[in-house]
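Chemist: This structure is in structure tokens; I'll ask about it shortly.
Coordinate-derived values only; no laboratory data. The model shown is predicted, which means the values in this text are computed figures rather than measured ones. With ideal geometry, Cβ positions are generated from the backbone for all residues, glycine too; neighbour counts draw on all protein chains shown.
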Amino acid sequence: EAQVTQNPRYLITVTGKKLTVTCSQNMNHEYMSWYRQDPGLGLRQIYYSMNVEVTDKGDVPEGYKVSRKEKRNFPLILESPSPNQTSLYFCASSLQQFNSPLHFGNGTRLTVT
Amino acid sequence: QKEVEQNSGPLSVPEGAIASLNCTYSDRGSQSFFWYRQYSGKSPELIMSIYSNGDKEDGRFTAQLNKASQYVSLLIRDSQPSDSATYLCAVMFTGSARQLTFGSGTQLTVLP
């Protein structure tokens, strides 16, 4: 089944404790992206990647890191999480850069205390 | 700053009615437009994509695009309670390296 898989689905952590949210897609998509969703603010892009070893900042990159060493994987790293990073996170992928719809993962609900 | 604006709602319509959802965007040169549906606690799923002016129909859904006026709309005919969700408008702005910008969404409730 074609899908984008995120893990974990739920994560509760404390301020400053490094964490990684994994994202993997099995559709051979070139483009991958991370979004966070907060009430009233909609989906905001954190980072995106157009292909292996090519990443760039979205609208809200502060406090996050990403890497794209393999085409299928695009992990999101929070080196020192803070409470303002409590949010619902979505990974998404699409076949190519333009005019291709995004396929979303199931989301990761992160709480930082 | 490039923006996508939607009425947050909530929008309530009776079952069987037409639901009309609207979206405006700031970049006149934008070329790709998408409507996603998001049920509470779930991930967004694509309903429609539209790239040229006019109407595009898919079952009970019709997307309408007017680039001169910079708006895109989604009509849902014969609305069903299962259509109750948040609808997200997304626009790919020109000059960006694949940066899809989402509106904050319109919450639709279809009353049985």
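Chemist: Label points 7 Å out from Cα along the Cβ direction at B:ASN66 and A:SER82: separation in nm?
Modeler: Between B:ASN66 and A:SER82, the label points sit 4.3 nm apart.
Chemist: Other chains near A:103-109: what is the mean number of their Cβ atoms within 10 Å of each residue's Cβ?
Modeler: Numbers: counts 4, 7, 1, 3, 5, 0, 1.
The shielding value for this peptide is 3.
Chemist: Can you put A:TRP34, B:TRP35 in order, fewest other beta carbons within 10 Å first? Show your work: numbers first, answer last.
Modeler: On the way: A:TRP34 27, B:TRP35 23.
Ranked by crowding around the Cβ, least crowded first: B:TRP35, A:TRP34.
Chemist: Counting only other chains, and only Cβ atoms inside 10 Å, what mean value do you get across the residues of A:38-46? Walk me through the intermediate numbers first.
Modeler: On the way: counts 1, 1, 3, 3, 12, 11, 3, 5, 0.
So the per-residue partner count for this stretch is 4.
Chemist: What full-extension length gain, to one decimal in nm, is calculated for B:ASN7 and B:SER20 as 0.36 nm per residue of separation minus the Cα-Cα distance?
Modeler: 3.6 nm
Chemist: Please compute P(r) over all alpha-carbon pairs of the protein assembly as shown, binned at 5 Å starting from zero, and give each bin as a whole-number percent.
Modeler: 1, 7, 15, 18, 18, 16, 12, 7, 3, 1, 0
Chemist: Right, next: If you wrap chain B's Cα atoms in a convex hull and average its projection over all directions, what's the area in nm²?
Modeler: Taking the Cα atoms of chain B, their convex hull projects to 6.7 nm² on average.
Chemist: Further, regarding this structure: Across the protein assembly as shown, how many lysine pairs separated by 8 or more positions, or lying on different chains, have Cα atoms within less than 16 Å?
Modeler: Taking the protein assembly as shown as the scope, the lysine pair count is 6.
Chemist: What average number of partner chain Cβ atoms lie no more than 10 Å from the Cβ of the residues making up B:22-30?
Modeler: Taking all residues of B:22-30 together, the mean is 0.
Chemist: Measuring from label point to label point, each 7 Å out along Cα→Cβ, what is the A:LEU95 to B:LEU111 span in nm?
Modeler: My value for the distance between the label points is 4.3 nm.
Chemist: Are there GluC sites (Glu not before Pro) in segment A:1-89 that DSSP marks as loop and that have at most 14 other Cβ atoms within 10 Å, and which are they?
Modeler: Taking segment A:1-89 and a limit of 14 other Cβ atoms within 10 Å, the loop GluC sites (Glu not before Pro) found are A:GLU1, A:GLU53, A:GLU62, A:GLU70, A:GLU79.
Chemist: What are the principal axis extents of the Cα atoms in segment A:1-74, in Å, biggest first?
Modeler: Sorted from largest, the Cα extents of segment A:1-74 read 34, 25, 24 Å.
Chemist: Moving on to the next point. What share of the DSSP beta bridges in chain B is antiparallel, in percent to the nearest 5?
Modeler: Numbers: 38 of 42 bridges.
Once the DSSP bridges in chain B are tallied, antiparallel ones form about 90 percent.
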